[in-house]
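Worksheet for the structure shown next.
The values are calculated or read from the model by the stated rules, or taken from the named source; none is laboratory data. Everything numeric here is computed off the predicted structure, so don't read it as measured data. Cβ placement follows ideal geometry from the backbone for every residue including glycine, while neighbour counts extend to all protein chains displayed.
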Amino acid sequence: MKKYVIACCIFINIFMLIFCAVLSSEFDRQLDEIQQNMHLKAVDENKLCLASAELFCKRMLEQYNTTPTVSQYNAFGEGRFTVMYSTELDCDLPQNNECISNYIEDTDEMLTISELDNNRYLVTVMKCGLLEQKILLKERFITISIGAFAFWAVLWSAFGLVIFLHQRKLAKAMAQVADGNYQVRIKGEFSSEFNSMTESVSNNVVAANEAARAQRDFVSNFSHELKTPLTAIIGYADLLRSAELDSQDTFTAASYIFSEGKRLEALSLKLMDMIVLDNHEFPLRPLPASKLLQHIAITVRPMLSDNQLDLEFHAAAARIEGERDLLITLIVNLLDNARKASEDGGKIVLRGTVEGDRYKISIKDFGRGIPQEELSRITEAFYMVDKSRARAQHGAGLGLALCQKIAIMHGSGLEFNSTLGEGTEVSFTVKKLPKTKEVIEDVKKES
């Protein structure tokens with residue numbers, strides 16, 4: 001928009017310069033045209049006088065057989081013309097029946113000379129009124145110029161007023177932004193830049209508020225997660241220290257201490273993993289996808305058998321790019337979440353499929369499902385959909401946050417598709433590498 005304003009200003013000034021040049025040229029042209037018309041009129045008048053003088057000379061020759069004298073010519077002309085000898089004229093003389101006219105500016109007269117005979121010249125003087133016409137013409141052009149410059153001044157004043165009002169509106173909008181109203185928008189000059197800035201500031205403020213909220217939640221949840229098991233551990237340890245308990249009560253107290261200690265251990269390990277992921281870059285190397293998933297499926301079968309869960313396994317052969325240990329951590333965590341969400345005797349599906357230049361890994365359970373309003377927050381640290389059930393299973397709400405970080409490191413992110421009462425499917429993708437001879441042989445074996 002700023003470029004258009006500058007272009008408009010330049011155009012207005014150039015237009016005024018061109019207008020002034022054209023006006024001046026037109027003034028000179030019309031003045032020349034008036035002078036030319038005066039010249040033609042004076043020549044015509046001179047020709048009429050010359051014809052009259054020649055007729056008078058012819059009549060004198062016929063009647064008196066003599067040519068008129070200068071005084072006789074002048075008497076006959078009665079002031080319309082004057083006959084003079086060349087020696088009496090102090091100007092250029094006409095040749096070959098031509099007429100010469102000269103404008104005398106001091107007297108505002110047009111002096112026209114033509115050759116008569118015998119070194120005598122006929123002179124006519126015509127009152128032009130050219131000065132008066134010149135003054136009228138100049139006044140007309142001055143009026144037009146004043147009108148044009150008045151229009152130019154009004155246009156610039158209006159333009160300046162618009163800019164002034166817009167600057168006031170811009171200043172008012174900026175004051176509103178300074179007061180915390182990031183939804184204000186303006187129209188007109190600089191609106192796109194201002195609105196873009198406001199949008200950016202608004203997004204940054206929202207992001208900062210979200211980060212601050214997440215940080216507060218993290219600290220609050222972390223404190224809570226530490227406080228709950230520590231309270232139980234300290235309480236039961238104090239009970240064992242200060243009271244004489246039978247074997248059953250001793251076992252119960254020790255079991256609580258062991259259970260809460262395991263939760264603290266899981267919490268510390270998960271936090272350590274997250275800190276390491278935030279502060280290190282891990283090299284991604286080629287991996288055989290089907291063999292990696294098969295290894296994970298064998299590894300988690302004992303964990304799933306405790307809940308009588310069947311693992312259905314499908315993996316397309318492909319070569320992928322990733323960090324082996326982190327991918328195992330990611331997939332095992334997702335399978336563990338699926339185990340916790342499933343009812344005993346259910347089924348979990350681990351699947352690997354090729355999708356273009358990406359390899360998709362998905363884990364599907366048929367458990368309780370996740371409410372839609374919870375899906376946007378389940379990858380936040382310490383966030384748990386079912387807190388009581390998660391804590392009972394030594395959960396700390398860090399699993400999915402850790403999984404999300406690992407998925408992002410592999411150029412993807414966790415995607416959730418969940419229906420209450422029907423189950424949840426979570427998936428992510430990794431880069432698929434071009435096929436090698438080994439992958440082609442694996443595909444042939446599987447088929």
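The table that follows gives values for the structure above.
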{"item": "Checklist (1) at pLDDT below 80; (2) of a type outside the set (Asp, Glu); (3) exposed (fewer than 11 other Cβ atoms within 10 Å of the Cβ) applied to Leu226, failing item", "result": "(3)"}
{"item": "Criterion (within 60 Å of the chain's Cα centre (by Cα) and free of Cβ contacts under 8 Å to residues at least 12 places away in the same chain) met by exactly one of Asn65, Asn13, Asn37, Asn74", "result": "Asn13"}
{"item": "Test: residue in the range 139-146 that is modelled with pLDDT of 75 or more and of a type in the set (Ser, Thr, Tyr)", "result": "yes"}
{"item": "Conditions (1) at pLDDT below 85; (2) not in a strand (DSSP E or B); number of the one not met by Gly79", "result": "(1)"}
{"item": "Selected residue (criterion: farthest from Glu425 (Cα to Cα)) from residues of the range 327-376 that are touching a His at 6+ places or on another chain (Cβ under 8 Å) and surrounded by 21 or more Cβ atoms within 10 Å (Cβ to Cβ)", "result": "Leu327"}
{"item": "Residues satisfying the stated conditions in the range 111-135, i.e. among the polar types (S, T, N, Q) and at pLDDT 85 or above", "result": "Thr112, Ser114, Thr124"}
{"item": "Close pairs from the range 40-54: first in the same structural domain as Met110 (by TED's automatic domain parsing) and surrounded by 19 or more Cβ atoms within 10 Å (Cβ to Cβ), partner part of a helix (DSSP H, G or I) and of a type outside the set (Lys, Arg), Cβ under 8 Å, at least 6 apart", "result": "Cys49/Gly77; Ala53/Tyr73; Ala53/Phe76; Ala53/Gly77"}
{"item": "Any hit, the range 402-417, residues being crowded, with 20+ Cβ neighbours inside 10 Å, at pLDDT below 80 and among the hydrophobic types (A, V, I, L, M, F, W, C)", "result": "yes"}
{"item": "Yes/no for Leu304 being crowded, with 17+ Cβ neighbours inside 10 Å, modelled with pLDDT of 90 or more, closer than 22 Å to Phe416 by Cβ and touching a strand residue (DSSP E or B) at 6+ places or on another chain (Cβ under 7 Å)", "result": "no"}
{"item": "Selection count where residues are touching a Leu at 6+ places or on another chain (Cβ under 9 Å) and not in a helix (DSSP H, G or I), scope the range 83-96", "result": "3"}
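Conditions tested, residue by residue: (1) in a loop (DSSP other than H, G, I, E, B); (2) modelled with pLDDT of 90 or more; (3) under 11 Å from Val123 (Cβ atoms); (4) not assigned by TED's automatic domain parsing to the domain that holds Gln35.
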residue	(1), (2), (3), (4)
Thr66	yes, no, no, no
Gln72	no, no, no, no
Ile100	no, no, yes, no
Asp106	yes, no, no, no
